[in-house]
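Some notes on the structure that comes next.
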Amino acid sequence: MHDIAFALKQLDNKIKILAQGRCIQLIAVSKTKPAEMIQKALDAGQRMFGENQVQEAQAKWPALKQQYSDIELHLIGPLQTNKVRKALQLFDVIEVLDRFKLAHAIARISKEEQKYPKIYIQVNIGKEPQKAGITPDELKDFYAYCQNEEKLNIAGLMAIPPHGQDPMPYFQQLKQLQMMLDAKDLSMGMSGDYDKAIICGATHIRIGSHIFGARS
Ligand SMILES: *Cc1c(COP(=O)(O)O)cnc(C)c1O
């Protein structure tokens, strides 16, 4: 049986050593994991979580959020425009803004719902054709558009480097983009590479299997 409290404690120690005094936020990625496992993380004091599907999150999180007022739930998987309203009702941070149409939908429905979550722009840092995200070349214009035209609460950048390559150069490039844009948050690093992400300047890391065990 995977010990969630122990895994969180170990992770916390490792993060402290790597962070060298900086504050790193741990997003516990609970996708595919049942509410009982999430409860164990909550019991251990974890409050920041990530889910990658709106529908799955709707089944698990409303009850938990009623119990704990200080949960911060991040959407880290693709968002279709027809799910924006439900996403805004449930998520505190949307990490996956990756296109103009979605920016416009979030802006419009935010007003209707009076919900203004923090938004991260997803960057396709490896310029991979099959991957979502704004390419580094388009980022500056898209960032300005979302802030100035759509008046979105843009708080940072999120990215997943190409699979099977050294993530370090990509993390470094993301840090440079964050600094260029003067963005507050930088969400990068997963179970396999969070140490490198922290060294390169991540403010948020997204960890699933290290905390909750492997996904089937
Ligand atoms: C699943 C997922 C994670 C967590 O992955 P692990 O390797 O289990 O830590 C992080 N970010 C995103 C976008 C994910 O979909």
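Coordinate-derived values only; no laboratory data. Since the model is a prediction, treat every value here as computed from it, not as a measurement. Please note: Cβ atoms are built from the backbone with ideal geometry, for glycine as well, and neighbour counts cover all protein chains shown.
Annotations for the structure displayed:
- Scanning the stretch 53-71 for residues that are of a type outside the set (S, T, N, Q), within 16 Å of the ligand (Cβ to nearest atom) and surrounded by fewer than 16 Cβ atoms within 10 Å (Cβ to Cβ) yields a single hit, 56.
- Where a residue in the stretch 188-203 is closer than 12 Å to residue 27 by Cβ and of a type in the set (S, T, N, Q) and its partner, wherever it lies, is within 14 Å of the ligand (Cβ to nearest atom) and part of a loop (DSSP other than H, G, I, E, B), with Cβ under 8 Å and at least six apart: 191/208
- Inter-residue pairs, beta-carbon under 8 Å, first in contact (Cβ under 8 Å) with a residue 12 or more places away in the chain and in the stretch 94-113, second polar (S, T, N, Q) and away from the ligand (no atom under 16 Å from the Cβ), 6+ apart: 101/81; 102/81; 105/81; 113/89
- Qualifying residue in the stretch 142-154 (condition: within 16 Å of the ligand (Cβ to nearest atom) and assigned to a strand (DSSP E or B)): no
- Given (1) surrounded by fewer than 16 Cβ atoms within 10 Å (Cβ to Cβ); (2) away from the ligand (no atom under 16 Å from the Cβ), number of the condition residue 117 does not satisfy: (1)
- Exclusive hit being near the ligand (Cβ under 10 Å from one of its atoms) and among the hydroxyl-bearing types (Ser, Thr, Tyr), set 194, 170: 194
- Selection within the stretch 197-216 - within 14 Å of the ligand (Cβ to nearest atom) and surrounded by fewer than 17 Cβ atoms within 10 Å (Cβ to Cβ): 209, 213, 214, 215, 216
- Being surrounded by 15 or more Cβ atoms within 10 Å (Cβ to Cβ), assigned to a helix (DSSP H, G or I) and either within 14 Å of the ligand (Cβ to nearest atom) or under 17 Å from the mean Cα position of the chain (by Cα) (or both) is not true of residue 183.
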